[in-house]
């Protein structure tokens, strides 16, 4: 293994979180949409959603590495802890923000009915910085 590759691995290893009995870096790319994929995530609404999502992450001790609120969907790169499932994290992000957005922006009622601001479901994928071959090489060179 070359020095630069080892430096990359060591830098990456410093991004790990430590728990009582764990060392982990669980990164997820998550995407979800407003109900009916309405293009309402603009201006003040988008700004407020961004604030609410960041607040939710802070309260739960998660880290949002990237967040992009588009008019008809939200993209997020978030680091979670091993004691929470991705679906539970998304439930918390969407549930809190839905309740507050519907309360603070009553004009949205003309577009939505029912109890939810967000569409059902979400997209999620795991994200890693080091590919499988680099991890194998790192393990072999210990």
Work the Kirkwood hydrodynamic radius out for segment 52-142: mean of 1/r over every pair of different alpha-carbon atoms, inverted, in Å. 15.6
Order of 76, 27 under a 10 Å beta carbon neighbour criterion, fewest first: 27, 76
Proxy reagent accessibility, fewest Cβ within 10 Å first, across 93, 122: 122, 93
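Quick one: order 87, 116 by neighbouring beta-carbon count within 10 Å, fewest to most. Intermediate values should be presented prior to the final figure.
Details: 87 11, 116 15.
Lowest to highest Cβ neighbour count: 87, 116.
Values quoted throughout were computed directly from the atomic coordinates according to the rules given, and no laboratory measurement underlies them. Being a predicted model, the structure only gives us computed values, none of them experimental. Ideal geometry is used to build each Cβ from the backbone, glycine not excepted, and the neighbour counts take in all protein chains shown.
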